[in-house]
Every structure is written in C-alpha cells, then in structure tokens.
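The values are calculated or read from the model by the stated rules, or taken from the named source; none is laboratory data. Fair warning: this is a prediction, and the values are worked out from it, not measured in the lab. So basically every Cβ, Gly included, is an ideal-geometry build from the backbone, and we count neighbours across all protein chains shown. Side chains included, ligands, DNA and RNA excluded: accessible areas come from the protein's heavy atoms. Shrake-Rupley method; radii C 1.70, N 1.55, O 1.52, S 1.80 Å.
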Amino acid sequence: MITVTAVLDASGLLKSCDVRGHAGAGKRGNDIVCAAVSVLARTAQIVLSNRNGIIIRSEALRRGVFTLETEVQNNSGKDYLAAIGTFLLEGLRSVAEEYPENCVITITKERRN
C-alpha cells in the first residue's frame, strides 16, 4: 500500500508531500500504481526545483520513500506553486480513487494563527 500524506498551508499552498510504501499492484518494475505515483511526485519535484521564488527540499532515501517540502520566497512563486501543487494532488487523488486497495491519500490544511 502506498500512503501519501500532504500538508497545505493556511492559504491552500502545498507545504509538504510524503509518499511511502509499495502498491503491490504488480511485479516490481511493472506496477502501474507505483509508476503513476512515482512519475507524479518526481515531475512535481523537477518542475518546482527549476522555478525561481520557490525553495524545495526533497529526498528519496530508498525505494518506496519520497518527501517534498516547499517554501515560497516571494509572490511570484505562489501562483506557480498553487498550480503545480494542484496538479500533483489531483493526480495522486485520481490514482487513489482508481486503485483504493493500493494507494491512499490524506490531505490536511494548517489553520491560520
């Protein structure tokens, strides 16, 4: 089972995304669920890392573990992070809806102080 835990800041921007586990929907190297989740997470990481105004911290220490944390440096990064965050979470949500026995996603939103 792949478990995705995402945190949005008080304004709804992606603050972090943690992906853990293996889907078990197919043989290693041929698992469509793992492939979909991996492509979505890696693409978001690459796209965000190439954007001025956004700082990311990301790790993939071993197979089945991926973490991404974001920080917006200025207003020009907010709209971009909003778009990429929405793309990532809608993609992951779609995978979880289609393969609920192999992937689950939890999204929480921080409260304003």
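With a 1.4 Å probe and all protein chains kept in place, how much accessible area does Asp79 have, in Å² rounded to the nearest 10?
Accessible area of Asp79: about 120 Å².
Would you work out what percent of the accessible area of the stretch 22-113, with all protein chains in place, is carbon or sulfur (probe 1.4 Å)?
For the stretch 22-113, the apolar C and S fraction of the accessible surface comes to 48 percent.
Which lysines have a Cα less than 18 Å from the Cα of Lys109, not counting those fewer than 8 places away in the same chain?
Lys15, Lys78
How big is D, in µm² s⁻¹, for the stretch 37-113 by Stokes-Einstein at 10 °C and 1.306 mPa s if Rh is the Kirkwood radius over C-alpha pairs?
Values: Rh = 13.6 Å.
My calculation gives 117 µm²/s for D.
Which distance in nm do the two modelled labels at Lys78 and Arg57 give, with both placed 7 Å along the Cα-to-Cβ direction?
About 2.3 nm, to one decimal.
What residue among Ala25, Gly85, Leu61 has its Cα farthest toward the positive end of the dipole of the stretch 17-101, where the charges are +1 on Lys, Arg and -1 on Asp, Glu, each on the Cβ?
Of the candidates, Leu61 comes out farthest on the positive side.
Over the chain, average the accessible area per residue using a 1.4 Å probe and give it in Å², no decimals.
Accessible area per residue: 61 Å².
Would you calculate a helix-derived [θ] at 222 nm for the chain, using -39,500 (n - 2.57) for each DSSP H run of n ≥ 4 and dividing by the full residue count, to the nearest 500?
So the helix-based figure for the chain works out to -13000 deg cm²/dmol.
The stretch 24-113: which GluC sites (Glu not before Pro) are DSSP loop and have at most 11 other beta-carbon atoms within 10 angstrom?
Passing both the DSSP loop test and the Cβ count: Glu101.
With both bridge residues required to lie in the chain, what share of the DSSP beta bridges run antiparallel, to the nearest 5%? Kindly include the intermediate steps, with their values, before the conclusion.
Numbers: 19 of 26 bridges.
Percentage antiparallel, nearest 5: 75.
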